[in-house]
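For reference, the structure is listed below as structure tokens.
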Amino acid sequence: MQVRTRGIRTTVAALAAAAGVAAVAVPAAAATAPAAGTPRFLEPAELPPHPTSPWYAGPVTAGQPDPLPVCVGEALPSIASHRSYWTEYDTNAQQITVVERSEQRAKDFAALLRKDIAGCAEKLMEQDPDITATQKNYGRLNVEEGAHVYGLHTASAWGSSDIGLLSVGRDGRTVTVVLWGQMGNFQHAQVSDFKATTVTAVNKLY
């Protein structure tokens, strides 16, 4: 995927695409299974279906993603783990999971992530006046301790238009974030499919 930059990287599509190049796609089977008792990550087939391409996945990797994802990146601790996903046609995704020391810490962390997402569009426009950002709250999902789904659209003065979906979910002391992005606008957002993906992600945490 071609990543547009001007001052800051502004889209979920760009920041979820650290591995998002079809030329370096590797089969999902190459990823090492997590050890027993650790959170499980989404498999490529569990992501919103792409009409013309399979999903590919990198390995589950300890630490913060590089680059940090939009909206939630600044809050991520070093104990995070992440996995990146991509298709052959400019659609990318990422899952980030954090296991906190207690359920209360996980509850507080999930609340912080939701707060950061709620102010994300405004913050992006403050950081780059050439960006117009709008967002939607798609509500709460009744899974484990709950999950929330959001949409973010960014358009630039130089013509780019990108749509991203973000979710924050919690199971006990574990919090997971799922991001999906591609070129387009809210009409191109696969909200129902992404909600199903989020439910799967939270159910797989343990």
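Please treat every number below as a calculation from the coordinates, not as lab data. Bear in mind that the values here come from a model prediction, so they are computed numbers and not experimental data. Every residue, glycine among them, receives a Cβ derived from its backbone with ideal geometry; neighbour counts consider all protein chains shown.
Things worth noting here:
- Alpha-carbon centroid distance for the pair region 39-108 / region 153-206, whole angstrom: 10 Å
- Remark: spin-label model distance Y206-A62 equals 2.0 nm, labels positioned 7 Å along the Cα→Cβ axis.
- Computing FRET efficiency as 1/(1 + (r/R0)^6) for R101 and H188, where r is the C-beta to C-beta distance and R0 is 45 Å, gives about 0.70.
- Values of log10 I(q)/I(0), in the order q = 0.10, 0.11, 0.20 Å⁻¹, for region 49-180 under a Debye, Cα-only, solvent-free model: -0.34, -0.41, -1.27
- Couplings 3J(HN,Hα) of region 75-91, computed from phi: 8, 6, x, 5, 7, 5, 10, 8, 9, 9, 9, 7, 10, 7, 9, 6, 10 Hz, in residue order, whole Hz [Karplus 6.51 cos²θ - 1.76 cosθ + 1.60, θ = phi - 60°; x for Gly and Pro].
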